[in-house]
Structures are given as C-alpha cells and as structure tokens.
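*Asks:* Take this structure first; my questions come after.
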Amino acid sequence: MFWGEVLIYIKKQLLLVVIVINLLFIIQSMMFQAIAGDNNWAYDIIESKETNEFFYIQKSNRFVNINKQVVAVALGGGGARALVNVGILKALEEENIPVDLVVGSSMGAIIAVLYGSGMPIEDLEQLVTTDILPSMFDLNFPFIRSVIDTRGVNFFMEKVSPSKRLEDFPILTALLSYDLANGVKYVHTRGRISSEVQGSYSIPLFFPIVSYNGLFLMDPGILELTPTQTAKILGADLVISTTAFDELPYNTYDLPIRAWTRFINLQKEKNSQAIIDRFSDITINCDVGDYSFMDYHLAKDFIALGYKEAKKQIPDIKHILEKKKIPLDEQQKKIYVNQDLNLTKTFSDIKYQRLQYDFTRIKPLVYFGKEHSIFKQDLFREESAILQYGMIFQRGSMDLRLLTRGKNFDYLETQFKFIGLTPSLDLIGRLHFEEKETRLRSGYGLDLKYYNLYYTISFGWAEINKNNYLHNGGTFDLNWGKINLKGEGDLYTPSSGQQEVSDCQYVYSQFVNIGLGKNFALQPKLVVSNTDKNDLFSHPIVYRGLEQELAAQKNLVQTSLELDYKYRFPYSLEFFQCIQLKDVSWYQFVDTYYHIEASYAVGSGVACDLNLLGIKPFSFGGYVVYDLGDTSWRGSLSLDLSF
C-alpha cells in the first residue's frame, strides 16, 4: 500500500513537470512570435489629387512603366457575402473580359490573393464551397490580442496558391489595409501571402492587428470596403467594382450592440459608395443585405448570385472596353495552364490533421458534451458532462496533443505524431494515465498510420494495464451521390505467451447517411464489440434507453435507425452579432442492443446547429426516449462543444 501511494505521488509530480514545461513553451512562443516577418518596409507615399488622401504603397517594380491600358477589378468585402466575387470573376473570365489587376479589401483580399496567384477559377470555386477556409481559423490563447488566431488560414492560403509571393503572381495583385499609426491607407504589393493578407481583414477584437516597423494594419472596410480608389491610384484605366453591402435584420436599435453595428454599417456603406460613385467605371452590385457575414455554408448561393449579376453587366462592360479601345483577352485562360495545385492532397491533409505548419501553432482544446479520448474511436462519441481541456502544439512534422479534465491532474492523455515519414505515412505515439478510485489505469502505444483520401490503415502495438497487444485499425469514408458511408474498426490481439488468440478484443462502428429529398435523411448506425467499459479502447454507447450500463457489457451489438428532418432557415438567425443559428433538426429514432437478449427504445429529439463567428460550429438540443424493456421514459439534454 505504501509503495502504491509513493508511485501515485511520483506520477503526479511528473505530470506537473510536463504541464509546467508546456506552459513555458507557450509563453516563449508568445514572446517571440512574429506576425509579419517579410521586412517589406519600403513604401512610396502618394497623395490622391482628387481626395487629398495619403496612400502608403509598397515599392514594386511591376507597377512601374506598365505598357498597356490596365483593367482592374476592385473586390469588395463583406465576410461570407463577399464570396459573390468568385462568381463575378468566373463570369468575367467566361466572357474574355481582361483582368490585368485585382485589388482586394477585407474578404475581397482573400479572393484576390487566391485568384491573382494563378489558381484556376474552377479550383477557387471548389475551395470556397468546402467549408475548409472557415475551419482553418483557431480560437486564440490567451484572448489578449484577439478572439481568433488567423495564422492557420493564412498559411493554408499560401500553401494552396500556385504562387507564394505577391510580386510573383501572374496577375497584378494589391491588397488594401489601414495603418492606425499614421492614419493612412496602406497598399500591399509584395511579400509572402501569409504575411501580407492578414492586415486586409484584421478586425480589432475578432482578428489580430498586424504590426511591423511601426505600422499597425487593420481591415479598411469602414473607409473603403471596395478598393476602387486604390485601383485608380495604382494606375488602372478602367475599374470594375463589386459590392456586397449588408443590412441588419432589425427594425429597432435600442440594444448597444445593435446600435453600434448599425452605425458602423451606415458609415461603411456611405464612405464606400462615395468612392465607388467617383472612381468606378462600372459597378456590379450584389443584393446580399438579408444574409449574414457568417453564412459561409451558403457559398454556392453567393457564387451563383455574383455570376448572375456579372452576366447582366457584360454588355455594358464590353461597350466601355470598346470605347476605350481595350481588346478582349482571348488568351487569358492560358495563365492557368500546368498549375498543379494538388488540392485533393491538401484537402486530405486537412481532413486527417496532417498539415505541416511553418510556425508554432498553439491551439487550446475545449470539449464538453461528448467524450474525447485518443484510445477510443471518433465516429461515435458518448455523452459526457465532464469538461475536458488541453492544448495542441504543432510545428513542421511535429504534432503534440495534451488532454486532461478536472483540477486534480489525475487524468492525462497525450498523443505525439510525427507527420510525413512518407507522403502517406505517419508515426503516432499514445499515452493514457488515470487515477480512478485509488486504482491506476495506464496505457501507451505506438502505431504506423497510412492515409488515403477515402480510408486509413493503422498497425502497431500497445501496452494497457500491463497487458501487451498488437493493434490493427482502420477507417473509411465513402460517398455515392446522396449516400455517405463511414466506418471505423480496431482489433487488439494479445501478444503470444499471454493469452489465447481467441481473447482478442475488437470494436467496429458504422454510420450511413442516406439523403431522402431536400430535407430528410435516414441514418442507420451499428456498433459491434466484445469490450467492456473498463477497457481504454471500449466501444461507444449509442443506445439511448435506460439500460445504458447494460449496453456497456461485452459481446454486444448495438443498432440505431434515425429519421432526420432538417429545416434550414432562408436567412440564418444571429445572436449578439457573433452566434449564428443555421438550421434545426427534428429526428425520430429506434435504438436496440443485444446482449443475451434484445432491448429496444424509441424516442424523438431536436438539435440546433450553431456557429461562433461562422467558423466554429457546435450543437445543442435534447431528446426524450421510451425504453420498451423497462417501460419508462428518459429525457436528456445534449451538447457538443468542441473548440
């Protein structure tokens, strides 16, 4: 007993040492983190003759001595609504309208970077309709500089762009920011994408301000949401402007946040419209006032709207081009020939969290409502009312994750991943330590994992509670039209000399989503396992009846058949200008489990899909269930918070 207590004490002290070391690592990374490291400090100061405004423009030889008339497209911002710009560019390209210069502001800067870098419009459309861009934003830690950490999305944009630096783009590209130190507009024309694009969409509080060499750069939207004047300053002979102005879905503005947001919107539209009226040759207005800046899930609708509005303006654009004696560009599409973006590989790396960041990425982890564990499967997660928290540390091929819960440090899980042994193979180490009712439970393992876009395969070994196992596992994710099939399996085989092979333990989970029309879906679930609740790799419980403890026993088959109706709001609802309600689901289900004899439960529930700033999804809901075996009712609230 004495030595057991000593061992527990030693392990707790070691755990504290690990936590302290990682905190020091965080502090050091925060102290030496550089936001913009490209040293593009040389700039020209130009005064606009029309408005007497000063512009700081980065020096770039490409904007000097242009020997042709320049057609510029000034891409306006507006959050998710600004995705109309993709449809506009698509329509201009189809009609062979020359685009010699793209200038972007706010979200328009992101589109300008991707398009100007040489990304084919088809790939750009695919990229913005996959929800990948918003998913790359992280919550910041701590929340001193901003709520959102944007380095991940900036790195991703640079990674998928054919050209990595603005001065190397096949299309002249400029980004507009506003410098708080000097009170002037700042124009980016050179440097790495990951360093330069940030200032154009930095909104104080939400996104970090970019600072270097005495400049403090932020989103210029309130002064010039559509950078039409900037395009003229850069030498454009013809400017095509785009707009995606927003309106608030309110009639009264007595609440502080509504009043403040309304004031900002009025000033933003007033300033931008005055600039457009003065400097734009033609304007493509997109009526997106009823939509939210957080509606990234409506990307296809925004693109279609922008395409439609641009097509209406094509005759007028061609008339102006003819009047200015600017020919159509029949060769424009040749810019994109032989650009091997390999977006499929990049999408796969994001799906399996295999991106190799060139900076130290520190991301806090917060889970509530569903249990997370590195030894358990991910397809189905059990309900849990315990808050779990931890950190992710990533740089290059190194990925370290720590996860704990409570305040006594009696639970710790860590995972170390070495990414890229080969383009499709990683080395993964896992460790679990838990003190539970004066009893220690521990486990560790080492796996090689192979990745394919549609499946993964793992093989390795593990020691769990002093028992040695060979581990084999895999996942698959397949789609056939409206049918999506996912599965996950794990097999733990005892090493020779310890137990019989017949004592191997397994967990298999499967989920099918069958689309039935526009709003309905049928969702069968299956879990087959011979593990019990005390195993680190125990099966998930999908049975929602009263006998959930019995559903945790060995040699078990669980099934669930769910009919889901999802109502999508025509315009998403907003709360506090940062929480978004996109849709509500109402579902009916029949659950069964079989252990010696079958048990059944039927129920009904509702769930709401919510978003923080349109980029961090979570869900809330509840259900009631009638257990046919126990002839009793059970109700439960459900929450899935995962940041």
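*Asks:* Counting just the residues of the stretch 577-602 that are among the hydrophobic types (A, V, I, L, M, F, W, C) and at pLDDT 85 or above, which one comes out farthest from L637 (Cα to Cα)?
*Replies:* Looking at residues that are among the hydrophobic types (A, V, I, L, M, F, W, C) and at pLDDT 85 or above, I get A598.
*Asks:* Within the stretch 528-538, restricting attention to residues that are touching a residue at least 40 places away in the same chain (Cβ under 8 Å) and open to solvent by less than 20 Å² (accessible area, probe 1.4 Å), which residue is nearest to I596 (Cα to Cα)?
*Replies:* S538
*Asks:* Give the number of residues within the stretch 41-88 that are in contact (Cβ under 8 Å) with a residue 12 or more places away in the chain, in a loop (DSSP other than H, G, I, E, B) and not hydroxyl-bearing (S, T, Y).
*Replies:* So the answer is 12.
*Asks:* Kindly provide the set of residues from the stretch 436-460 that are over 32 Å from the mean Cα position of the chain (by Cα) and either at pLDDT 95 or above or over 26 Å from D503 (Cα atoms) (or both), ordered by number.
*Replies:* Across the stretch 436-460, the qualifying residues are E437, T438.
*Asks:* Filter the stretch 608-629 down to residues that are crowded, with 20+ Cβ neighbours inside 10 Å and modelled with pLDDT of 90 or more and give me whichever is farthest from D564 (Cα to Cα).
*Replies:* D627
*Asks:* Please go through the stretch 106-124 and pick out each residue that is open to solvent by less than 10 Å² (accessible area, probe 1.4 Å) and either on the phi > 0 side of the Ramachandran plot or not aliphatic (A, V, I, L, M) (or both).
*Replies:* Correct list: G108, Y115, G116, S117, G118.
*Asks:* I'd like the full set of residues that are open to solvent by less than 70 Å² (accessible area, probe 1.4 Å) and closer than 27 Å to G487 by Cβ, limited to the stretch 430-445.
*Replies:* Of everything in the stretch 430-445, those that are open to solvent by less than 70 Å² (accessible area, probe 1.4 Å) and closer than 27 Å to G487 by Cβ turn out to be R430, H432, G443, G445.
*Asks:* Could you give every pair whose Cβ atoms fall below 8 Å, whose first residue belongs to the stretch 217-242 and is at positive phi, and whose second residue is assigned to a loop (DSSP other than H, G, I, E, B), counting only separations of at least 6 or pairs across chains?
*Replies:* G235/I66; G235/V70
*Asks:* Within the stretch 296-308, count every residue that is charged (D, E, K, R) and either free of Cβ contacts under 8 Å to residues at least 12 places away in the same chain or under 12 Å from L89 (Cβ atoms) (or both).
*Replies:* Number satisfying all stated conditions: 1.
*Asks:* Keeping to the stretch 147-161, report how many residues are in contact (Cβ under 8 Å) with a residue 40 or more places away in the chain and either open to solvent by less than 20 Å² (accessible area, probe 1.4 Å) or out of contact with any Phe, Trp or Tyr (no Cβ under 8 Å at 6 or more places or on another chain) (or both).
*Replies:* Result for the stretch 147-161: 10.
*Asks:* Within the stretch 477-489, identify whether any single residue is at pLDDT below 95, touching a Leu at 6+ places or on another chain (Cβ under 7 Å) and crowded, with 16+ Cβ neighbours inside 10 Å, and answer yes or no.
*Replies:* No; the residues of the stretch 477-489 include none that is at pLDDT below 95, touching a Leu at 6+ places or on another chain (Cβ under 7 Å) and crowded, with 16+ Cβ neighbours inside 10 Å.
*Asks:* Taking the stretch 343-358 on its own, how many of its residues are over 17 Å from T475 (Cα atoms), in a loop (DSSP other than H, G, I, E, B) and open to solvent by 30 Å² or more (accessible area, probe 1.4 Å)?
*Replies:* Selection size over the stretch 343-358: 2.
*Asks:* Can you tell me which residue among K370, K407 is open to solvent by 70 Å² or more (accessible area, probe 1.4 Å), modelled with pLDDT under 90 and basic (K, R)?
*Replies:* K407
Residues are listed down the side, and each one gets a yes or a no for (1) over 26 Å from S442 (Cβ atoms); (2) assigned to a loop (DSSP other than H, G, I, E, B); (3) in contact (Cβ under 8 Å) with a residue 24 or more places away in the chain:
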{"position": "F476", "(1), (2), (3)": "yes, no, no"}
{"position": "N484", "(1), (2), (3)": "yes, no, yes"}
{"position": "Y508", "(1), (2), (3)": "no, no, no"}
{"position": "L561", "(1), (2), (3)": "yes, no, yes"}
{"position": "D583", "(1), (2), (3)": "yes, no, yes"}
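*Asks:* Does E574 fit the bill of being at pLDDT below 85, surrounded by fewer than 15 Cβ atoms within 10 Å (Cβ to Cβ) and either within 28 Å of the chain's Cα centre (by Cα) or within 26 Å of Y543 (Cβ to Cβ) (or both)?
*Replies:* no
*Asks:* Taking the options L400, L427, name whichever one is within 21 Å of the chain's Cα centre (by Cα) and assigned to a strand (DSSP E or B).
*Replies:* L400
*Asks:* Could you please tell me which pairs satisfy a Cβ distance under 9 Å, a separation of 6+ or placement on different chains, a first residue in the stretch 174-191 that is over 13 Å from A109 (Cβ atoms) and among the β-branched types (V, I, T), and a second residue that is assigned to a strand (DSSP E or B) and open to solvent by less than 10 Å² (accessible area, probe 1.4 Å)?
*Replies:* V184/F55
*Asks:* Give me a count of the residues in the stretch 542-554 that are under 26 Å from R430 (Cβ atoms) and surrounded by fewer than 21 Cβ atoms within 10 Å (Cβ to Cβ).
*Replies:* Residues in the stretch 542-554 being under 26 Å from R430 (Cβ atoms) and surrounded by fewer than 21 Cβ atoms within 10 Å (Cβ to Cβ): 2 in total.
So that you can scan it fast, the table gives a plain yes or no per residue for (1) more than 30 Å from P617 (Cα to Cα); (2) assigned to a strand (DSSP E or B):
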| position | (1), (2) |
| --- | --- |
| R145 | no, no |
| K159 | no, no |
| T173 | yes, yes |
| Y186 | yes, yes |
| T230 | yes, no |
| A236 | yes, no |
| V239 | yes, yes |
| F245 | no, no |
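*Asks:* Look at E463 and say whether it is modelled with pLDDT under 95 and open to solvent by less than 20 Å² (accessible area, probe 1.4 Å).
*Replies:* No: the conditions fail for E463.
*Asks:* Which members of the stretch 263-304 meet the condition of being assigned to a helix (DSSP H, G or I), of a type in the set (S, T, N, Q) and open to solvent by 40 Å² or more (accessible area, probe 1.4 Å)?
*Replies:* Q267, N271, Q273
*Asks:* What residue, of V64, V103, V86, V99, is within 30 Å of F206 (Cα to Cα) and either out of contact with any Asp or Glu (no Cβ under 6 Å at 6 or more places or on another chain) or open to solvent by 10 Å² or more (accessible area, probe 1.4 Å) (or both)?
*Replies:* Checking each option against the conditions leaves just V103.
The values are calculated or read from the model by the stated rules, or taken from the named source; none is laboratory data. All values reported here derive from a predicted model rather than from experimental measurement. Neighbour counts are summed over all protein chains in view; Cβ atoms, including those assigned to glycine, are modelled from backbone coordinates with ideal geometry. Ligands, DNA and RNA are stripped out before the accessible areas are found, and what is left, the full protein with its side chains, is counted by its heavy atoms. Shrake-Rupley method; radii C 1.70, N 1.55, O 1.52, S 1.80 Å.
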